[in-house]
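A.B. asks: Attaching a single structure in C-alpha cells format; questions to follow.
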Amino acid sequence: MSVRQTTADVVVVDYGLGNLRSVTRGLERAGADVTLSEDPAEFDAADGIVLPGVGAFSEGMDNAGPFREALVEQAEAGKPLFGICLGMQMLLTTSEEADHEGQGDAEGLDLIPGENVRFSRDQTVPHMGWNELDVTRDPPLVEGVDGEHAYFVHSYYAVPDDEAATVATTDYGTDFASIVANDAGNVFGTQFHPEKSGETGLRILRNYVDYCLDH
C-alpha cells in the first residue's frame, strides 16, 4: 500500500527579479517544501514551479532566458507552473511595455497566448492597492476566493487571445484579467501578489500546493 505524499516540493525560480523571501515564506505557510533555484535541472524533481517577478517585461525575459526552454518543456509536460505578477505576464506572448520603454520586441513564454497592455491615460498607474476578484471560471487555484480582495502593484495587464484563459477579473476603470490559466489548467498566474494578500493569498497558495500534490 503506497503512502500519499503530504508535502509538495516547489521550486521558486531565482532569475534575479522577484520577492523571493516573501514568496518562499508564503509557500511554506501553505505547506510546501521550497527550493530557491538558479538551475533549470532542478525542475525535474519538483512537484511544481513558481515564477515570481517584479520589474519590466523585457528585463524579466532577458534574465529568464536560461530557464525558458526548461519552463516551456515542464509546462507542456503538465507540471504545475504558477506565475506571480511579472511572472504571470511572462506566461503570455508579448507585452506593450517593451515598445513603450524603447526596448523593442520581447517574446514571452507563449504558454498562454496573448499580450500585456498598459492601462489607459485616464487611469492612475501603477494600479496599487487592494481590489476585488471576480471569478469567471473555477479551476482549483481559485477555490474559495470569489469576491475576496487581493493586493496589486502593476501598470500593465494581460489580455489573453482566448477569453476562456481568463479565470478572474478585477475592475480598475476597465475589467482586466487578474488570474489566467491555460486550457489544461496546469499553467496559471495571478497579476496580484498572493504572498502580500493576507488570507486570500494564503488560500490561493494552499490551493496551488494541493494541486501540485494531486498532479
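A.B. asks: Can you find even one residue in the stretch 8-28 that is in contact with a helix residue (DSSP H, G or I) (Cβ under 7 Å, 6 or more places away or on another chain), under 22 Å from ALA184 (Cβ atoms) and among the small types (Gly, Ala, Ser)?
C.D. replies: Yes: the stretch 8-28 contains one or more residues that are in contact with a helix residue (DSSP H, G or I) (Cβ under 7 Å, 6 or more places away or on another chain), under 22 Å from ALA184 (Cβ atoms) and among the small types (Gly, Ala, Ser).
A.B. asks: So, one more: With ALA184, ALA177, ALA168 as the choices, which residue is in a loop (DSSP other than H, G, I, E, B), closer than 26 Å to LYS79 by Cβ and not β-branched (Val, Ile, Thr)?
C.D. replies: Values: ALA177 fails: in a loop (DSSP other than H, G, I, E, B); ALA168 fails: in a loop (DSSP other than H, G, I, E, B).
Result: ALA184 is the single residue among ALA184, ALA177, ALA168 that is in a loop (DSSP other than H, G, I, E, B), closer than 26 Å to LYS79 by Cβ and not β-branched (Val, Ile, Thr).
A.B. asks: If you don't mind, another one. Just to verify a result, which residue in the stretch 138-180, among those that are among the small types (Gly, Ala, Ser) and either buried (at least 23 other Cβ atoms within 10 Å of the Cβ) or touching a Ser or Thr at 6+ places or on another chain (Cβ under 8 Å) (or both), is nearest to PRO80 (Cα to Cα)?
C.D. replies: Our first condition is that a residue be among the small types (Gly, Ala, Ser); within the stretch 138-180, this holds for 144, 147, 150, 155, 158, 164-165, 168, 173, 177-178.
Right, trim to either buried (at least 23 other Cβ atoms within 10 Å of the Cβ) or touching a Ser or Thr at 6+ places or on another chain (Cβ under 8 Å) (or both) and you get 150, 158, 165, 168, 173, 177-178.
Numbers: ALA150: 22, ALA158: 20, ALA165: 16, ALA168: 18, GLY173: 32, ALA177: 20, SER178: 18 Å.
Per the criteria, the residue is ALA165.
A.B. asks: Mind checking which residues of the stretch 187-199 are assigned to a strand (DSSP E or B) and either in contact with a Lys or Arg (Cβ under 6 Å, 6 or more places away or on another chain) or small (Gly, Ala, Ser) (or both)? First the steps, then the outcome.
C.D. replies: Start the filter on the stretch 187-199 by keeping residues that are assigned to a strand (DSSP E or B), which leaves 187-190.
The one that is assigned to a strand (DSSP E or B) and either in contact with a Lys or Arg (Cβ under 6 Å, 6 or more places away or on another chain) or small (Gly, Ala, Ser) (or both): GLY189.
Read-outs throughout are calculated quantities, based only on the coordinates presented, and are distinct from any laboratory measurement. Note that the structure is predicted; figures quoted are calculated from it, not measured. Glycine also receives a Cβ, built like all others from the backbone with ideal geometry; neighbour counts cover every protein chain displayed.
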